[in-house]
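Take a look at the structure below.
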Amino acid sequence: MSKVVKFGGSSLADANQFRKVYEIIKSDNERRYVVPSAPGKRFKDDIKVTDLLYKAYNAQSEKEMTLTFNEIKERYQNIIDDLHLDISLEEDFKVIEKAFQEQIGEDYAASRGEYLNGKVLACYLGFEFIDAKDVIFIDSHGNYDAKKTDAILQERLAQVEYAVIPGFYGSLNDGSNTIKAFSRGGSDVTGAIVAKNGKVDLYENWTDVSGFLIADPRIVKNPDVIETITYKELRELSYMGASVLHENSVFPVRSEGIPINIKNTNKPEDPGTLIVESTCHKPAHVITGIAGTKGFATVMIEKDMMNSEIGFGRKVLQVFEEHDLSFEHMPSGIDTMTIIVNTEEFIDKEQDILAGIHRVVQPDSIILESDLALIAVVGRGMKASRGTAARVFNALARENINIKMIDQGSSELNIIIGVRNCYFEPAIKAIYKEFIENE
């Protein structure tokens, strides 16, 4: 058995965290490939190294850049000194500083946190360092180029028994050797790509929580940890705002059937959450998780006999497409059609979109409402349980929360409800109480 282990910024924030990571990796010789993030916050008001790099790159003066650069250097030197490592980053910093002065690009700037941390961690572990720019290729939109990456990365990994590959970045796939980064949290994606091409049996993603929680701990006090979750359930929860993994990190390993284990660096004995393609394990509860997001608006279109008008829905959606706006959900009735959109993205285009809808379908009326929050109740156990929707509705009714919208997918994997923004937190608490605490 072999494993890829990815460590987040909080897991590598200082020398003490490095020691924990060392013990975790060295306790299991099957942990062959390590993907580190840049050092994160050491305490509440600390600044992540990635943010310091952005600050230095965008500095308004030479003095500001130098001061920020010295702060970054000090972070790494403290780790090196505390761990008594025989490594110097002085030449690396000279190259980086020169590149910053030449304004080589923000992606390059942001990626140096992972690059430098990878070199330090490789030295500490005694593993080979593989620069991600040589083996991972990304297109201009920030998407992983599987065709170009896989052949090169597989060959390189086959040559080493143990290696450190920095997360978050690679090279632009046009052959220019330009550094290109994934979006924030992209080290998760790198870990998945390495897991896929390393032909490993398990991808361990180490962070500062003991797995994927059933609900947001900022809303529900001490929510339970999800023991096992499928990729489909994770996708639904991540889409609705639950954030433990970068959502694109699922696809490379899912295609290979590789499970992901979310683990806690500070509590390595905790089992964490296992993310799998499919499972016969019976879930502990009817629902697997609850997630949601505020800040949506509804565009309700009314027109008598719209159901008999061929192409009505296509024409309406085309208006949104022409204004580069995607929709979240689309509940409908016989004579009504409602488009749910992100309020911030919609607000500046609303009048143009309304005019476009009037032009293409001549509705009887269009009613706009904002102040909507969407909550997803997700769980593979819902298929085999009767009355799940009724329990959701009753839980909200007991708290005098009015439901503005209901949408259930044909997969029976989730129920999405819309409530006013002010009821967002009470609604999640009510659903959690009904399905977790009362069970």
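The values are calculated or read from the model by the stated rules, or taken from the named source; none is laboratory data. Every value quoted in this text rests on a predicted model; they were computed, and no experiment measured them. Glycine also receives a Cβ, built like all others from the backbone with ideal geometry; neighbour counts cover every protein chain displayed. When the accessible area is computed, the model is the full protein with side chains, heavy atoms only, and any ligands, DNA or RNA have been set aside. Shrake-Rupley method; radii C 1.70, N 1.55, O 1.52, S 1.80 Å.
Would you point out the residue of segment 195-219, among those that are open to solvent by 10 Å² or more (accessible area, probe 1.4 Å) and touching a helix residue (DSSP H, G or I) at 6+ places or on another chain (Cβ under 6 Å), that is farthest from Ile130 (Cα to Cα)?
Ile219
Going by what's in this entry, would Ser27 be described as of a type in the set (Ser, Thr, Tyr), at pLDDT 95 or above and within 26 Å of the chain's Cα centre (by Cα)?
On the way: of a type in the set (Ser, Thr, Tyr): yes; at pLDDT 95 or above: yes; within 26 Å of the chain's Cα centre (by Cα): no.
When the stated conditions are applied, Ser27 does not pass them.
Do we find a residue being under 16 Å from Ala297 (Cβ atoms) and surrounded by fewer than 15 Cβ atoms within 10 Å (Cβ to Cβ) anywhere in segment 351-359?
The answer is yes; a qualifying residue exists.
Quick one: which of Ile275, Ile301, Ile310, Ile334 is among the β-branched types (Val, Ile, Thr), in a strand (DSSP E or B) and at pLDDT below 95? Please lay out each step first, then the result.
Values: Ile301 fails: at pLDDT below 95; Ile310 fails: in a strand (DSSP E or B); Ile334 fails: in a strand (DSSP E or B).
Only one candidate passes the filter, namely Ile275.
Being loosely packed, with under 14 Cβ neighbours inside 10 Å and acidic (Asp, Glu) is the filter; apply it to segment 35-63 and report the residue that is nearest to Gln103 (Cα to Cα). Write out each step before concluding.
Taking segment 35-63 and keeping what is loosely packed, with under 14 Cβ neighbours inside 10 Å, we get 43-45, 60-63.
Then keep just the ones that are acidic (Asp, Glu); that gives 45, 62.
Numbers: Asp45: 28, Glu62: 13 Å.
Filtering first and then ranking leaves Glu62.
Counting only residues that are aromatic (Phe, Trp, Tyr) and either assigned to a strand (DSSP E or B) or open to solvent by less than 20 Å² (accessible area, probe 1.4 Å) (or both), how many does segment 154-173 have?
Initially, segment 154-173 is screened for residues aromatic (Phe, Trp, Tyr), giving 162, 168-169.
Applying the additional criterion that residues be either assigned to a strand (DSSP E or B) or open to solvent by less than 20 Å² (accessible area, probe 1.4 Å) (or both) yields 168-169.
Counting residues in segment 154-173 that are aromatic (Phe, Trp, Tyr) and either assigned to a strand (DSSP E or B) or open to solvent by less than 20 Å² (accessible area, probe 1.4 Å) (or both) gives 2.
How many residues, within segment 374-423, are in a helix (DSSP H, G or I) and under 20 Å from Ile226 (Cβ atoms)?
Of all residues in segment 374-423, those in a helix (DSSP H, G or I) come to 380-382, 388-398, 421-423.
Now drop any that are not under 20 Å from Ile226 (Cβ atoms), which leaves 380-382, 388, 391-392, 395.
Of the residues in segment 374-423, 7 are in a helix (DSSP H, G or I) and under 20 Å from Ile226 (Cβ atoms).
Residue by residue, here is whether (1) surrounded by 19 or more Cβ atoms within 10 Å (Cβ to Cβ); (2) modelled with pLDDT of 95 or more; (3) in a helix (DSSP H, G or I); (4) within 30 Å of the chain's Cα centre (by Cα) holds:
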site	(1), (2), (3), (4)
Met1	no, no, no, yes
Val4	yes, yes, no, yes
Asn16	no, yes, yes, yes
Val21	yes, yes, yes, yes
Tyr33	yes, yes, no, yes
Phe69	yes, no, yes, yes
Asp81	no, yes, yes, no
Ile87	no, yes, no, no
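Before we move on, is Ala192 of a type in the set (Gly, Ala, Ser) and out of contact with any strand residue (DSSP E or B) (no Cβ under 6 Å at 6 or more places or on another chain)? So that I can check it myself, show each step before the final result.
Values: of a type in the set (Gly, Ala, Ser): yes; out of contact with any strand residue (DSSP E or B) (no Cβ under 6 Å at 6 or more places or on another chain): yes.
Yes: the conditions hold for Ala192.
Any residue at all in segment 163-176 that is without any contact (Cβ under 8 Å) to a residue 40 or more places away in the chain and farther than 24 Å from Ala109 by Cα?
Our first condition is that a residue be without any contact (Cβ under 8 Å) to a residue 40 or more places away in the chain; within segment 163-176, this holds for 170-176.
With the extra rule that they be farther than 24 Å from Ala109 by Cα, the set shrinks to none.
No, segment 163-176 has no match at all.
Inside segment 276-328, can you point out the residues that are among the basic types (Lys, Arg) and within 21 Å of Val341 (Cα to Cα)?
Taking segment 276-328 as the starting set, the residues that turn out to be among the basic types (Lys, Arg) are 282, 294, 303, 314-315.
The answer is Lys294, Lys303, Arg314, Lys315.
Taking Leu89, is it of a type outside the set (Phe, Trp, Tyr) and in contact with a strand residue (DSSP E or B) (Cβ under 6 Å, 6 or more places away or on another chain)? I'd like the intermediate steps shown before the answer.
Working: of a type outside the set (Phe, Trp, Tyr): yes; in contact with a strand residue (DSSP E or B) (Cβ under 6 Å, 6 or more places away or on another chain): no.
It is false that Leu89 is of a type outside the set (Phe, Trp, Tyr) and in contact with a strand residue (DSSP E or B) (Cβ under 6 Å, 6 or more places away or on another chain).
Condition (residue is modelled with pLDDT under 95 and surrounded by fewer than 16 Cβ atoms within 10 Å (Cβ to Cβ)) applied to segment 423-430: is it met by at least one residue?
If we filter segment 423-430 for residues that are modelled with pLDDT under 95, which is where we start, we get none.
So far as segment 423-430 goes, no, none of its residues is modelled with pLDDT under 95 and surrounded by fewer than 16 Cβ atoms within 10 Å (Cβ to Cβ).
Looking at this structure, is Ile406 surrounded by 12 or more Cβ atoms within 10 Å (Cβ to Cβ), β-branched (Val, Ile, Thr) and more than 27 Å from the chain's Cα centre (by Cα)?
Working: surrounded by 12 or more Cβ atoms within 10 Å (Cβ to Cβ): yes; β-branched (Val, Ile, Thr): yes; more than 27 Å from the chain's Cα centre (by Cα): no.
In short, no.
Evaluate segment 99-111: report whether one residue or more is in contact with an Asp or Glu (Cβ under 7 Å, 6 or more places away or on another chain), modelled with pLDDT of 95 or more, buried (at least 23 other Cβ atoms within 10 Å of the Cβ) and not aromatic (Phe, Trp, Tyr).
Initial filter on segment 99-111 (in contact with an Asp or Glu (Cβ under 7 Å, 6 or more places away or on another chain)): none.
Scanning segment 99-111, I find no residue that is in contact with an Asp or Glu (Cβ under 7 Å, 6 or more places away or on another chain), modelled with pLDDT of 95 or more, buried (at least 23 other Cβ atoms within 10 Å of the Cβ) and not aromatic (Phe, Trp, Tyr), so the answer is no.
Report yes if Glu369 is open to solvent by 60 Å² or more (accessible area, probe 1.4 Å) and either in a helix (DSSP H, G or I) or touching an Asp or Glu at 6+ places or on another chain (Cβ under 8 Å) (or both), otherwise no.
Values: open to solvent by 60 Å² or more (accessible area, probe 1.4 Å): yes; either in a helix (DSSP H, G or I) or touching an Asp or Glu at 6+ places or on another chain (Cβ under 8 Å) (or both): no.
Taking the combined requirement at face value, the residue does not satisfy it.
Somewhere in segment 243-265, is a residue touching a residue at least 40 places away in the same chain (Cβ under 8 Å), part of a helix (DSSP H, G or I), surrounded by fewer than 21 Cβ atoms within 10 Å (Cβ to Cβ) and among the hydroxyl-bearing types (Ser, Thr, Tyr)?
Scanning segment 243-265 turns up no residue that is touching a residue at least 40 places away in the same chain (Cβ under 8 Å), part of a helix (DSSP H, G or I), surrounded by fewer than 21 Cβ atoms within 10 Å (Cβ to Cβ) and among the hydroxyl-bearing types (Ser, Thr, Tyr).
Any residue at all in segment 329-347 that's acidic (Asp, Glu) and touching a His at 6+ places or on another chain (Cβ under 9 Å)?
From segment 329-347, those acidic (Asp, Glu) are 335, 344-345; that's our starting set.
Keeping just the survivors that are touching a His at 6+ places or on another chain (Cβ under 9 Å) gives none.
No.
Given the condition open to solvent by 10 Å² or more (accessible area, probe 1.4 Å), assigned to a loop (DSSP other than H, G, I, E, B), touching a helix residue (DSSP H, G or I) at 6+ places or on another chain (Cβ under 6 Å) and under 23 Å from Lys3 (Cβ atoms), answer yes or no: does some residue in segment 174-194 qualify?
Scanning segment 174-194, I find at least one residue that is open to solvent by 10 Å² or more (accessible area, probe 1.4 Å), assigned to a loop (DSSP other than H, G, I, E, B), touching a helix residue (DSSP H, G or I) at 6+ places or on another chain (Cβ under 6 Å) and under 23 Å from Lys3 (Cβ atoms), so the answer is yes.
When only residues in segment 385-403 that are under 20 Å from Glu236 (Cβ atoms) and out of contact with any Phe, Trp or Tyr (no Cβ under 9 Å at 6 or more places or on another chain) count, which is modelled with the lowest pLDDT?
Kept after step one, since they are under 20 Å from Glu236 (Cβ atoms), are these residues of segment 385-403: 385, 388-389, 391-393, 395-396, 403.
The next check asks that each one be out of contact with any Phe, Trp or Tyr (no Cβ under 9 Å at 6 or more places or on another chain); those that pass are 385, 389, 393.
Details: Ser385: 81, Ala389: 88, Phe393: 93.
Step by step, filter segment 385-403, then rank; the result is Ser385.
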